[in-house]
Amino acid sequence: MLQSPKRLTGMQDASPETVAVRDGVGGALCAYLSRYGYQPVDTPILEQTELLLRKSGGELASRMYTFTDPGGHRVSLRPEFTSSVVRAYLEGLQQGPFPLRCSYLGPVFRYQGEGSPSGPPAADLKEREDGADLRQFTQAGAEVIGVEGPWADAEVMALAVNGLSHVGLAGCQLVVGHQGFAGALLDSLGLSDRVRMFLMGNLWPLGRGAEGLEEVREKASALGLLRQGAGEESLAPEAPGEAAAAILERYFQTTAASAIGVRTPQEIRERFLRKQTMTQDAERMEEALGLLSRVAQVRGKPATALRQVRSLVAAPAALAELAALEETLEAMSHYGVKGQVSLDFGLARGIAYYTGVVFEVRHASLGGVSLGGGGRYDGLLVALGGALPTPAMGFAWTVERVVELLAKAGRERRFQRRDDLVLVRANDPAAQAKAVREAEGLRDQGLMVEVDLSNRSYEQAVEYAQARGIRRISTVDGAGKVAYRDVPERQ
């Protein structure tokens, strides 16, 4: 006997009630965004894989559903909306003066490892990511393109937290970090691009203290970013770079090329300079690891956290980023967002394109799981083919998380839209045609109507209506006379 095929882990079936609530919540969130001028757009579920990899820096590569279509194109199911919205904008989806505001609602897809709801790359990803135990989930969100500054940042973050209050979720917390501050801090240390990218990618584990610092050290050692001891071919590894280079040049001027061996002078120069760079990187890496680890552990109320992090930092560019962040926090207070804000300088959203403020919306009843989040990504438009640098910022809610929290609070029923559902029945089979005409008339009035097709008695119809959440029954007799009765609550 053949067994019925089972659904994939992380892919969820949805009952009519679940769909009603999910779509109702998503629609309410998007309606809230429309009050601020964010107009709905839609993008394809399938995108070119290259687009998504260029946007994420390859970080989502192992988690995308990727395949080759019949035309030979490498395509992927979208893992989020931002890259698709930016692509659509660059292709002329919206024309007009800046800023451009758009909203969206739809499914996204991210692969999770078998047997582990949190999936790769980190075992504790579920505690940090919006839909980490789902392979398919729904995002509702917004993007604003062509504007920057504290007031722009404040509007987007206020939408993220106030929109949840609009659908009935009180007590949400806005956790704010700043990739731009971390980047400016690392720039001040004179690090190579390779080291800088590595440290930016490991900001979150550094915020976990000694354990996280040791974890990052091990990664850095495996990649050769920390000193492993002098190799047998090292050339004056402790000598200053410029002095050592001068010594090497004098050596070449006084030594015949044939005496050097099988390597040419140019090959030796390149090897020497590469080793000098690696040595300098290792030295600066030690300094950067210690400083960034201390910074990434700073979290708490804005005034306290800003004071603590300023005591650790002297770089003017990094301090300027903190000043801009402080202006953003002040601007948010005019949207009624103040007491529920905290800072976390170890916050990282896990995608490489963020260049400024980043944030998540959380609620205590869901532990560390995020209801949504986003940030500023001023370099993304150029990375995806834009001619000019263009500021942009956005965020997305995970609708399933919002529904889960509404259900815990007992506030999801208002999105089920059952109050206007009517059951129309004929009290005699001969009156069925009149019952159908009655139902059509009610539908023309905008009501949701079911017609009883099973010739139930009134008592049976009441039981059915109670089970389905129907509030009214309309009974039609052979003369076309209609009687309405409210359905009593189930005892």
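Quick check on the range 415-439: of everything there that is surrounded by 19 or more Cβ atoms within 10 Å (Cβ to Cβ) and farther than 14 Å from Asp486 by Cα, which residue is modelled with the lowest pLDDT? It comes out as Phe415. Among the residues here, Gly212 qualifies as out of contact with any Lys or Arg (no Cβ under 9 Å at 6 or more places or on another chain), under 20 Å from Arg349 (Cα atoms) and either outside any loop (DSSP other than H, G, I, E, B) or at pLDDT 90 or above (or both). All of (1) surrounded by 24 or more Cβ atoms within 10 Å (Cβ to Cβ); (2) on the phi > 0 side of the Ramachandran plot hold for Gly385 with one exception: (1).
Within the range 301-325, being assigned to a helix (DSSP H, G or I) and of a type in the set (A, V, I, L, M, F, W, C) holds for Ala303, Ala305, Leu306, Val309, Ala317, Ala318, Leu319, Ala320, Leu322, Ala323, Ala324, Leu325. Counting only helices (runs of 4 or more DSSP H) that sit wholly inside the range 1-104, those with at least 2 residues that are in contact with an Asp or Glu (Cβ under 9 Å, 6 or more places away or on another chain) and hydroxyl-bearing (Ser, Thr, Tyr) are 82-90. For Ala324, the stated conditions hold: it is within 20 Å of Gly374 (Cα to Cα), at pLDDT 95 or above and out of contact with any strand residue (DSSP E or B) (no Cβ under 8 Å at 6 or more places or on another chain). For the range 38-58, residues that are under 25 Å from Phe98 (Cα atoms) and at pLDDT 90 or above total 7. The residues of the range 440-473 that are in contact (Cβ under 8 Å) with a residue 24 or more places away in the chain, over 11 Å from Leu421 (Cα atoms) and of a type in the set (Gly, Ala, Ser) amount to a single one, Ala461. Among the residues of the range 349-393, those that are β-branched (Val, Ile, Thr) and within 21 Å of Trp151 (Cβ to Cβ) comprise Thr355, Val357, Val358, Val361, Thr390.
Residues in the range 145-157 include none that are of a type in the set (Asp, Glu), at pLDDT below 95 and surrounded by fewer than 21 Cβ atoms within 10 Å (Cβ to Cβ). The criterion of being at pLDDT 65 or above and farther than 21 Å from Pro205 by Cα does not hold for Glu270. I need the full set of residues from the range 336-369 which are surrounded by fewer than 23 Cβ atoms within 10 Å (Cβ to Cβ) and either at positive phi or among the hydroxyl-bearing types (Ser, Thr, Tyr) (or both), in order please. Gly336, Ser342, Gly350, Thr355, Ser365, Gly367 - these are the residues of the range 336-369 that are surrounded by fewer than 23 Cβ atoms within 10 Å (Cβ to Cβ) and either at positive phi or among the hydroxyl-bearing types (Ser, Thr, Tyr) (or both). If you filter the range 88-108 down to residues that are farther than 14 Å from Gln39 by Cβ and at pLDDT 95 or above, you find that the one that is surrounded by the fewest Cβ atoms within 10 Å (Cβ to Cβ) is Pro107.
Is it the case that the range 335-352 has a residue that's out of contact with any His (no Cβ under 6 Å at 6 or more places or on another chain), part of a helix (DSSP H, G or I) and of a type in the set (S, T, N, Q)? Looking for residues that are out of contact with any His (no Cβ under 6 Å at 6 or more places or on another chain), part of a helix (DSSP H, G or I) and of a type in the set (S, T, N, Q), one finds none in the range 335-352, hence no. In the range 159-175, the qualifying residues are those that are of a type in the set (A, V, I, L, M) and assigned to a strand (DSSP E or B), and the one that is nearest to Ala140 (Cα to Cα) is Leu174. In the range 324-358, which residue that is touching a residue at least 24 places away in the same chain (Cβ under 8 Å) and hydroxyl-bearing (Ser, Thr, Tyr) is nearest to Lys55 (Cα to Cα)? Top of the filtered list is Tyr353.
The values are calculated or read from the model by the stated rules, or taken from the named source; none is laboratory data. Bear in mind the structure is a predicted one, so any value in this text is a computation, not a measurement. Every residue, glycine among them, receives a Cβ derived from its backbone with ideal geometry; neighbour counts consider all protein chains shown.
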